[in-house]
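As structure tokens, the structure follows; a few thoughts come after it.
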Amino acid sequence: MSRLTPRRTLLAAALGATASLAAVSSARGAAGPDDGAGGARKAASNAGGSTVDCRAWTTSADWREGAVRGVRVRDGARPGIVIVKPAGTTEYTDPHTGTKAAWAYATWTGPVHTLPTPANEAIVSWNAHTPEGTWLQVEIRAGYTDGTLSPWYVMGRWAAGDLDIRRTSVDDQRDTKSTVWTDTLSIDSGPAGEGLRIAAYRLRLTLYRRPGTSVTPTVWRVGAMGSNVPDRFTVPASEPGVGAGRELTVPRYSQEVHKGQYPEYDNGGEAWCSPTSSQMIIEYWGRKPTEQDLAWVNPDYADPQICHAARFTFDYQYNGCGNWPFNAAYAATYRDLTALVTRLDTLTDAEKLIAAGIPLITSQSFLPTELTGAGYGTAGHLMTVIGFTSDGDVIAGDPASKDNEAVRRIYRRREFENIWLRTKRYDEKGQVKSGSGGICYLYFPVRPAPTQHRVLTELGIFGAGVPR
């Protein structure tokens, strides 16, 4: 279970009817701001009227769509962008250490991406390599359906390690229409946001390295999920599908056995659901930290890789391990893994992934009475979905378990799909709170098997690392 913070109060709250086509056209004309080429481009959307759009830049051709300052495309088996000649030097004072240092930088600014359905939320995720002496900043700029633009919002200052900077989200970012809640750009619920949507966006990457060195970050993937999930307390019931009777062999790890460990990384236990879930899926794909990676962990602690995952997903501003894109970025530091944050429309979509051999990590909030067999309630919790019974009930790897053996749970299909896919719920006091609206992390190989690639394409997951 994750600590509840203000960012979650607005997540997944849809704000009304979709904006008119005229307003969308206006925003398309305005959303190509001031810094480089790139016209509006409409991505393919999921079949069946999905309100979720997932777009990523991963191929050599994708990267060449962007406007560059000091960046070049590095071709190869996994194309990416690197610093070739810095565009300049700047100073950065780390707010979490007070350290002030000079950094050489270069930038890539993506083209305008027009959303098939205007969105009320956007979440950016990225996959990158940041050797010692490097880091990167990820930003988004929204074009609203009223024809105006947001500021450039920082969605993360990130490094795989923690020696050069402390990876961090940035608080207090807003205009009169939208706000960044840790890792999510959300249209405001007040009068200024009434009927407003995100019609288009651009992404910007700034790559940093120590001046006078040749070391460089490499960014292999950057993308965003834009969504306009309907406002709902309940979702339609689904019938068991292609995943029924399929269970994946996923390692089982409990977050609770780490209670009280490493207070500097939020003290283990219920705060570590996200990194514990991430580590389960990373290891399902045959990746894990080396003995050298784990040398810093207290040898008396069981499952030291969970401590490692907590440290290297920790967001020093959020003061926790629950930053969604930071978890995905951590997973992508492992060899040839792609990782992203998105939403799915239905539990049937999750079944398609399971049937193809792809487990997922889901976010949900619920009362103890809403999920039979859980034995707890939560304002926000991550767990893995690893299969379905023959009757279609969900087989979960739930890290909120007393020990590793207890992690495998079976949850009733109808209960699980509702607590995961709804955007609104009632808490124990009867007050209206938000739900995740189908948020999930997806981790899979850069070159998935043909069946996996077909399902990922069907679900609108772009940037799988192979030709689309």
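When Ser277, Ser50 are sorted by how many other C-beta atoms sit within 10 angstrom of their C-beta, beginning with the fewest, the order is Ser50, Ser277.
Distant-in-sequence amide contacts of Leu115, defined by a placed amide H-H separation under 5 Å and a gap of 5 or more residues or a different chain, comprise Ala200, Tyr201. Rounded to the nearest 500, the helix-only mean residue ellipticity at 222 nm of the chain stands at -4500 deg cm²/dmol, with each DSSP H run of n ≥ 4 adding -39,500 (n - 2.57). Dipole magnitude for the chain: computed about the Cα centre from +1 point charges on Lys and Arg Cβ and -1 point charges on Asp and Glu Cβ, it is near 1120 debye.
If the limit is 32 Å between Cα atoms, which of Lys259/Lys433; Lys259/Lys352; Lys259/Lys424; Lys100/Lys288 go over it? Check vs 32 Å cut-off fails for Lys259/Lys352; Lys100/Lys288.
Computed from the coordinates by the stated procedures, all read-outs in this text should not be read as laboratory data. Just so it is clear, the structure is predicted and the values come from calculations on it, not from any experiment. All Cβ positions, even for glycine, are placed from backbone atoms using ideal geometry, and neighbour counts span all protein chains on display.
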